[in-house]
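Contents: one structure, followed by commentary.
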Amino acid sequence: MGDDKTSINRRTTVNKTESIDTKKKVLKKKRAKQRKRRRIVSITIISLIILIIVFLVSINSTLGRMKRTTIDDKNLEISDKFKTSDTYTKEYRDVVNIAFFGLDEKVDDIQRSDAIMIGTLDPINNKIKITSFMRDSYVDIPDYGYDKLNHAYAYGGPELSIRTINKNFDLNITDYVSVDFSKLENIIDAMGGIDMEMSQTELEHVNNYLDVVYTAAGKTPKHVNFEKNGKVHMTGYEALGYTRIRGTLGGDFDRTERQRKVMNEIFNNISNSGVGKLAITMNKLLPFVETSLSNSEILSLGTQVLSMNNTQLEQARFPRDEYSEDSLINGIFYFTFDENIAREEIHDYIFKDKKLWENEVSDDSDSSEGESDNN
C-alpha cells in the first residue's frame with residue numbers, strides 16, 4: 001500500500017515537472033515569437049523612417065532646383081484691415097493667395113510679366129481659384145504712377161508687382177511664383193505636349209506667331225498644319241505661339257484667355273501624372289521657376305491641397321468687360337476700368353467666394369468666366 005502511494009506521488013511529481021517544463025517551453029516560444037514580432041515591427045518602423053527621410057531629401061533636392069528670392073513683406077501695400085485683430089476674420093486667415101507671373105523673354109536685362117495671375121487656396125469653400133488680370137490694365141504703380149500692370153515687373157521685379165496688385169485690388173499677397181514663358185516650350189515638351197481647343201480664327205493666325213517665337217529663339221520657323229479646328233496636340237513651341245496670338249477680334253482679352261487655358265492644361269497634366277512621370281516632369285520644369293516660398297511652405301501647401309476632398313478648380317478674369325474699356329492716353333492704349341467695382345468684385349470673389357457679376361447680364365465674351373472643373 002505504501003509502495004503504491006509512493007509510486008503515485010512520484011508520477012504526480014513527474015507530471016507536475018513535465019507540465020511546468022511544457023509551460024516553460026510554450027512561454028519560451030511565445031516570447032521568441034514576440035521578440036521576432038518586435039524585431040519585425042522595429043525593422044519596419046526603421047525602414048519607414050529611412051524611406052521618409054529619403055523621400056523628404058528627394059523632395060527637398062527636387063524643390064531645390066528652383067531659383068529662390070526673398071520679399072520684404074513690410075512694404076507690400078497690404079491694407080491695415082488684414083492686420084487688425086478685430087477684422088482679421090476666418091477667410092482672411094485661412095485663404096492663401098500667391099501671385100503667379102509668366103515672364104517674357106529678357107530684353108536688355110529687363111523682363112516684363114506677360115501673364116499675371118493669382119493662385120488662391122480656399123479650404124473654407126474647398127476650391128483652388130486662378131484669377132487672371134489684363135496685363136494692359138491701367139493701375140497705380142507705387143513710386144511710378146499710372147501705367148500698364150505688366151510694367152511693374154519691369155520696373156521693380158516681383159516685389160513691386162505684388163505691391164501694385166495689393167494696392168490696386170485690395171489683396172494681401174506676400175509670396176509669388178514666376179515661370180519664364182520664354183522657356184515654356186521646354187516645360188510643355190517635358191510633359192509630352194498638351195491638348196488644346198483651337199478655333200478656326202486661331203488656326204489662321206498661329207503660324208504668324210510661330211514665326212515670331214522661332215525667330216526670337218534663333219531657330220528656323222516651322223509651320224503647323226492643323227487640318228481642322230477643335231482639339232489639337234501641341235508641342236512646346238506650338239503652344240507658345242498659340243499663347244502669343246493677338247489677331248483675333250478679342251485682342252488682348254483672347255490672349256489672356258489663351259494663356260490661362262494653357263496654364264490650366266499644364267496644371268491638369270501635372271496633377272494627373274503618375275508618381276514616376278511627375279518626378280521626371282518636375283525635375284525638368286523647376287529650373288525655369290522662381291519663388292519666394294520655402295520648401296517647407298510648399299510642402300505645407302501641398303499637404304493642404306491633398307487634404308481637400310473633391311477640390312474644384314475655378315477661374316475668373318479681371319477687370320471685367322462691363323466696367324472697362326480701351327482708352328488712348330498720351331498716344332498709348334491702356335485698359336481702363338472702374339477701380340472701386342474691380343476692387344470689390346475681386347475681393348469678394350477671392351475671400352468670400354461671391355460672384356457679384358452673376359446677378360448681372362453678361363455678354364458672350366464672358367461665357368467662360370467663373371468656369372470650374374472637378375479635380
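Considering only the range 151-167, state which residues are touching a residue at least 40 places away in the same chain (Cβ under 8 Å) and either open to solvent by less than 10 Å² (accessible area, probe 1.4 Å) or among the basic types (Lys, Arg) (or both).
Across the range 151-167, the qualifying residues are Ser161, Ile162, Arg163, Thr164, Ile165, Asn166, Lys167.
Give Val96, Val107 a once-over and let me know the one that is out of contact with any Phe, Trp or Tyr (no Cβ under 6 Å at 6 or more places or on another chain) and modelled with pLDDT of 90 or more. Talk me through it step by step, then tell me what you get.
Values: Val107 fails: modelled with pLDDT of 90 or more.
Every option except Val96 fails the conditions.
Restrict the check to the range 342-353 and report whether at least one residue is open to solvent by 30 Å² or more (accessible area, probe 1.4 Å), at pLDDT 90 or above, part of a helix (DSSP H, G or I) and of a type in the set (D, E, K, R).
yes
Any residue in the range 187-200 that is open to solvent by 40 Å² or more (accessible area, probe 1.4 Å) and either within 25 Å of Ile98 (Cα to Cα) or touching a Ser or Thr at 6+ places or on another chain (Cβ under 8 Å) (or both)?
First, the residues of the range 187-200 that are open to solvent by 40 Å² or more (accessible area, probe 1.4 Å): 189, 192, 195, 197, 199-200.
Those left that are additionally either within 25 Å of Ile98 (Cα to Cα) or touching a Ser or Thr at 6+ places or on another chain (Cβ under 8 Å) (or both): 189, 199.
Checking the range 187-200: at least one residue is open to solvent by 40 Å² or more (accessible area, probe 1.4 Å) and either within 25 Å of Ile98 (Cα to Cα) or touching a Ser or Thr at 6+ places or on another chain (Cβ under 8 Å) (or both).
Taking the range 130-150 on its own, how many of its residues are assigned to a strand (DSSP E or B), closer than 15 Å to Met117 by Cβ and open to solvent by 10 Å² or more (accessible area, probe 1.4 Å)?
Residues flagged as assigned to a strand (DSSP E or B), closer than 15 Å to Met117 by Cβ and open to solvent by 10 Å² or more (accessible area, probe 1.4 Å) within the range 130-150 amount to 1.
Which pairs have Cβ atoms under 7 Å, sit 6 or more apart or on different chains, and link a residue in the range 110-124 that is over 16 Å from Phe267 (Cα atoms) to one that is of a type in the set (Asp, Glu) and open to solvent by 30 Å² or more (accessible area, probe 1.4 Å)?
Every condition considered, the pairs that remain are Gln111/Asp104; Arg112/Asp104; Asp114/Asp104; Asp122/Asp353; Pro123/Asp94; Ile124/Glu91; Ile124/Asp94.
Could you check, for the range 315-323, whether at least one of its residues is touching a strand residue (DSSP E or B) at 6+ places or on another chain (Cβ under 8 Å) and at pLDDT below 85?
Checked against the condition, which is being touching a strand residue (DSSP E or B) at 6+ places or on another chain (Cβ under 8 Å) and at pLDDT below 85, the range 315-323 yields at least one hit.
Could you list, in sequence order, the residues of the range 231-249 that are within 27 Å of the chain's Cα centre (by Cα) and at pLDDT below 80? Working first, answer last.
Quick first cut of the range 231-249, residues within 27 Å of the chain's Cα centre (by Cα) only: 231-246.
Arg246, the sole residue that qualifies.
I'd like to verify a number: residues in the range 303-341 that are open to solvent by less than 70 Å² (accessible area, probe 1.4 Å), free of Cβ contacts under 8 Å to residues at least 60 places away in the same chain, closer than 27 Å to Asn264 by Cα and not β-branched (Val, Ile, Thr), how many?
2
Could you please tell me which pairs satisfy a Cβ distance under 9 Å, a separation of 6+ or placement on different chains, a first residue in the range 62-82 that is closer than 13 Å to Asn166 by Cβ, and a second residue that is open to solvent by less than 70 Å² (accessible area, probe 1.4 Å) and in a strand (DSSP E or B)?
What qualifies is Ile71/Asp175; Ile71/Tyr176; Asp73/Asp175.
The values are calculated or read from the model by the stated rules, or taken from the named source; none is laboratory data. Treat the numbers as computed from the prediction; the structure is a model and nothing was measured. No Cβ is skipped: glycine too gets one built from the backbone with ideal geometry, and neighbour counts run over all protein chains shown. The accessibility values were calculated without ligands, DNA or RNA, using every heavy atom of the protein model including side chains. Shrake-Rupley method; radii C 1.70, N 1.55, O 1.52, S 1.80 Å.
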